[in-house]
1. In the stretch 60-105, what percent of the accessible surface is made up of carbon and sulfur (1.4 Å probe, ligands and nucleic acids excluded)?
2. Divide the volume of the convex hull of the Cα atoms of the stretch 49-126 by its number of residues and quote the answer in cubic angstrom per residue.
3. So who's got an amide H within less than 5 Å of the one on Leu28, skipping anything under 5 residues away but keeping other chains? H placed 1.01 Å off N, in plane.
4. In units of 2.2 N^0.38 Å, what is the alpha-carbon radius of gyration of the stretch 1-104?
5. For Val198, what accessible surface area do you get with a 1.4 Å probe? Give it in Å², rounded to 10.
6. Please give the per residue accessible area of the stretch 24-84, computed with a probe of 1.4 Å over protein heavy atoms only, in Å².
7. Taking the Cβ of Asp89 as the centre, find all other residues whose Cβ is under 12 Å away and add up their charges (Lys, Arg: +1; Asp, Glu: -1).
8. Can you tell me how much longer the chain between Lys261 and Ala292 gets when fully stretched, taken as 0.36 nm per residue apart minus their C-alpha distance, in nm with one decimal?
Amino acid sequence: MIVCVISRNVDGRMWEAALDALDAASPLVEDAGPGLAFLEMRGIEGDPQRWLRSVRSALAACPEFGAIPFRLGFASNKFVARAAARAGDGTIVPPGSEPSFVAPLPLAALDLERDALERLRLLGISTLGALAGLPHGPFVRRFGTAAAVWHAHARGIDDAPLVPRPRALRIDRSLYGEGTAEYEEQLLFALRSLVTRVADDVAYAGKRCGFLRLALECEDGERFEIATALAQPTARSATMFDLLRTLLEGVVVRSPVVGLKLSAERLEEGGTELSLFSGGDPDPEVVAIALARLEAALGPRSALRARIEAGNRYETRFRYEPFTAATNAHRAPPVASPPPSEIGTLAYRILLPREIDVRIERGRPGRIAERAVLDVAGPWRVDELWWAEALDAAQTPYAADAYDVLLDDGVVRRIVYERGRWYLCGVYD
């Protein structure tokens, strides 16, 4: 259940404040760019109207964003929620009505490139409903793999998960009530101590700091704030101190400093990327250490190797075995790839077997559910009955007939007849 927030003419600082405010409405907020956010409301008490009110209240309570106009939309997925927000502020698309809602929308709702829009218009396609009516297989083969997402969106389907934004982390330290700094040397000594504490905290968290914010409070109530970005994120106290000391040279303080507060912001990962294996043929000892690290982090049997084996069924054509340094030292000889075919090929995608209704006509599959079969190839028989005597009494011999069928929607599918039932097992894209 997704709430979409759309706003225009918003800068980075306002948008960051708005995202922080949206945390009050949902713990899962995706930042899709300035002016576009998605909130996951599943598991939060209430109904769509209540969720929209909570989002409005959160944005209204944000002083930086309170006067900026915005639109809200609600639907079961991100694409439809965004379309709902574009259609009108507060639009709610009930679950199950997504196809009918997006059908009259223009192709511009898909944010396609101009060339793709022109090609679709030449075919007489101007709305998402007309696009959804095209057969999936031929459409994807003609327009490329990206067209599969267009076709799904045109039917109100969006399987893209919500990606929550990372929480903003800030480390700060303060020096108050520990005397006053009347001279420059005293101020710099206190600042060095404060910077050392902050740098230690940043390093302990495994981070590097990209932005510093220093606040000075004077005895007469005057306050100064110095904010600066670091050229390269770091956790070195010397670099932070030298930068702040340089910026303090331009600050005129008329009374002793009684308080300091230093914040480290824009933190990022401070680790150094290391490859598990070196280039070329890795040393077995290096491989063994890398495998030990994987097992320590993910548990035993976390690193597995796939082996291809001869077998009749798909599930018997491979097996997994533990990945060890010894087996990696002996590589299998490279297999020569077959020459490219001049005939176009289709990619076969294995599906989880699903039982289907098949009508036999003239000894071959004639209809599948409500779809007519235009052409049939097969059958290809997998039969283990001939060696059934070698099986245990508890095992049932396997026998099945596979067909490739072209349906009237233009898609080629693999169906299998097994033990008196028909199953859909794959599709050609």
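1. That share works out to 60 percent.
2. Here the figure is 104 Å³ per residue.
3. Residues meeting the amide H criterion: Glu40.
4. Scaled against compact globular proteins, the figure is 1.00.
5. Surface accessible to solvent at Val198 totals approximately 0 Å².
6. About 45 Å² of surface per residue is accessible.
7. On the way: positive: Arg56, Arg71, Arg86; negative: none.
Neighbourhood net charge equals +3.
8. Net length gain for the segment: 6.8 nm.
The values are calculated or read from the model by the stated rules, or taken from the named source; none is laboratory data. Please read all numbers here as calculations on a predicted model, not as lab measurements. Cβ: placed from backbone, ideal geometry, glycine included. Neighbour counts: every protein chain shown. Side chains are part of the model used for accessible areas, which takes the heavy atoms of the whole protein and leaves out ligands, DNA and RNA. Shrake-Rupley method; radii C 1.70, N 1.55, O 1.52, S 1.80 Å.
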